[in-house]
């Protein structure tokens with residue numbers, strides 16, 4: 001499908017996933033309508049400089065979405081429960097789906113997470129299943145993408161890696177526990193491909209992973225690539241969970257991952273995106289970017 005003259009609405013456009021999606025869509029020739037609550041922010045202005053149409057709106061307010069979705073071909077839907085809370089995430093996800101249906105959107109790509117199975121007890125996984133049910137009830141032309149662990153957990157400051165990925169996560173989950181990893185930029189590539197090839201993606205759900213490594217293995221790779229140990233800041237879980245923007249969700253998730261069953265098959269993801277990065281390749285790219293001062 002030709003991307004020219006077709007518009008994709010990207011929700012959460014200034015966040016990690018939304019920004020990566022917007023970049024890949026723009027480079028593929030799509031028009032991008034980037035939804036943000038703060039159109040004057042640096043992240044929004046950076047997207048505008050690349051050619052995105054920046055539009056103000058709030059997923060918590062359905063009326064604000066109606067003009068944004070008008071005459072758009074597709075929607076990339078992502079919500080952040082750390083910002084909105086789980087109930088807010090559900091409400092926002094349902095609002096996006098409902099307005100997309102009303103607008104006649106021809107393809108909605110939903111950024112889910114977790115196993116896709118009910119009963120894990122992980123709030124931010126269970127909430128996404130509720131949103132998915134609403135989307136399916138509306139009979140939307142839907143693609144569901146489920147990454148488990150983003151590589152950015154190891155380095156991105158907003159995830160507090162010294163406390164989380166390098167201290168509490170292995171402590172609660174186990175350092176030798178294998179995890180399926182994907183970097184955010186690669187989900188951007190996969191979303192762009194989904195919109196470009198709707199016949200191959202609509203009506204399907206994908207567990208996404210480009211590499212499988214334990215945190216102990218990631219720590220060793222980090223040392224080999226950077227020449228130093230990853231940062232580590234010991235903190236009791238109860239203090240970490242007291243941060244309003246963290247809550248109990250991550251602790252519950254990490255405890256579940258100690259014994260829970262996760263899909264470690266990378267073949268589907270690499271079939272879609274053969275050049276998706278391994279943990280080592282991603283860390284090498286991060287080091288190269290930092291050395292260039294980018």
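Miscellaneous remarks
- Within the set 223, 232, 219, the sole residue that is closer than 27 Å to residue 287 by Cα and in a loop (DSSP other than H, G, I, E, B) turns out to be 232.
- Test result for residue 51, in contact (Cβ under 8 Å) with a residue 12 or more places away in the chain, farther than 23 Å from residue 135 by Cα, in contact with a strand residue (DSSP E or B) (Cβ under 8 Å, 6 or more places away or on another chain) and assigned to a loop (DSSP other than H, G, I, E, B): yes
- One residue stands out in the range 65-83 among those that are at pLDDT below 95 and under 13 Å from the mean Cα position of the chain (by Cα): the one that is nearest to residue 34 (Cα to Cα), namely 80.
- Just one residue in the set 187, 82, 90, 105 is surrounded by 17 or more Cβ atoms within 10 Å (Cβ to Cβ), in a loop (DSSP other than H, G, I, E, B), in contact (Cβ under 8 Å) with a residue 12 or more places away in the chain and touching a helix residue (DSSP H, G or I) at 6+ places or on another chain (Cβ under 9 Å); that residue is 105.
- Filter pass, residue 22 being assigned to a loop (DSSP other than H, G, I, E, B), under 20 Å from residue 193 (Cα atoms) and touching a residue at least 24 places away in the same chain (Cβ under 8 Å): no
- Candidates are the residues of the range 34-45 that are without any contact (Cβ under 8 Å) to a residue 12 or more places away in the chain and out of contact with any strand residue (DSSP E or B) (no Cβ under 8 Å at 6 or more places or on another chain); the one that is farthest from residue 241 (Cα to Cα) is 40.
- Selection over the range 145-155 of residues that are in contact with a helix residue (DSSP H, G or I) (Cβ under 7 Å, 6 or more places away or on another chain), surrounded by fewer than 23 Cβ atoms within 10 Å (Cβ to Cβ) and either more than 18 Å from residue 78 (Cα to Cα) or touching a residue at least 40 places away in the same chain (Cβ under 8 Å) (or both) gives a count of 3.
- Of the residues examined, residue 211 is one that is in contact with a strand residue (DSSP E or B) (Cβ under 9 Å, 6 or more places away or on another chain) and farther than 19 Å from residue 23 by Cα.
The values are calculated or read from the model by the stated rules, or taken from the named source; none is laboratory data. Computed from a prediction, not measured in an experiment: that's the story for all the values here. Every residue, glycine as well, gets a Cβ built from its backbone with ideal geometry; the counts of neighbours run over all protein chains shown.
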